[in-house]
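Step one of this worksheet: look at the structure below.
The values are calculated or read from the model by the stated rules, or taken from the named source; none is laboratory data. On a predicted model such as this, the values are computed, not experimentally measured, just so you know. Note that each Cβ is placed from the backbone with ideal geometry, even for glycine, and that neighbours are counted across all protein chains shown.
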């Protein structure tokens, strides 16, 4: 019997997010623990799932804090390695007037890029029901080989493969390279979480349904989850297309981690119902819960340490029903 619900591999870093202005008029940045794979795991832990992470941090104050954070939220860190030759990756996140975000990365190299095939903790993958990854662990050759080795190990063990492209253009030498590695992820995954701008970028289709249709025909992905920000979300499963409305809030601070929260909640429901046991009602339940959890996270700084409890999400949904 597999003892881990979800094992993820990838980046663990510090998100420096804006938090006001100093008395001298300079922007103040808050050091929030982050990295999409661990954001996903943190939300799954809140939902009562057992999780594990594979990756690297630097031997520096940020690496020490990140490991302590993962331990604190209950993520298994036996696959987290301290890298001696590179510092922990840093990301500075600026929220633009339209609510979108701009990222500046300090990663040349960053410790997460130094993961190698021989570093991969195979037992954490073999024991997992779901293996989750993204493209940030495929931007450079060595870590790319490690990622694909981990995916192969997960497939051989019978795990469900979950993929989130999580496109960050500044981290790629060329967007053609990003497209090639995204195509690899699409070719191996059973569950795809993709954003509205990513589907348009990858397929060249402005219409989301047409873009998803292309992916279904070319890659045959069983479950595709589309996050559309202020327009809600959709699930595409077999011949079903289910849509759920967003939960917009007046006190939204930033959207960092909202997509990861959404994706994590969807994986929680895949674990609950199985990938073969989904129908329109279950998909609607999944999307509604995931949208609500993501909405809550937008009212908080950072993501990894502030994921909502399941009961909090349920209470939020009830309050919206009565509103």
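So which of 204, 142 ends up being over 22 Å from residue 116 (Cα atoms) and over 19 Å from the mean Cα position of the chain (by Cα)?
204
Within region 237-275, how many residues are exposed (fewer than 15 other Cβ atoms within 10 Å of the Cβ) and at pLDDT below 95?
Result for region 237-275: 6.
Specify the residue that is nearest to residue 44 (Cα to Cα); the eligible residues are those in region 277-307 that are modelled with pLDDT of 95 or more and outside any helix (DSSP H, G or I).
307
Please state which one of 63, 55 is in contact with a helix residue (DSSP H, G or I) (Cβ under 8 Å, 6 or more places away or on another chain), outside any loop (DSSP other than H, G, I, E, B) and without any contact (Cβ under 8 Å) to a residue 60 or more places away in the chain.
Result of the check over 63, 55: 63.
Kindly provide the set of residues from region 85-124 that are modelled with pLDDT of 95 or more, over 14 Å from residue 139 (Cα atoms), in contact with a helix residue (DSSP H, G or I) (Cβ under 9 Å, 6 or more places away or on another chain) and outside any loop (DSSP other than H, G, I, E, B), ordered by number.
90, 117, 118, 119, 122
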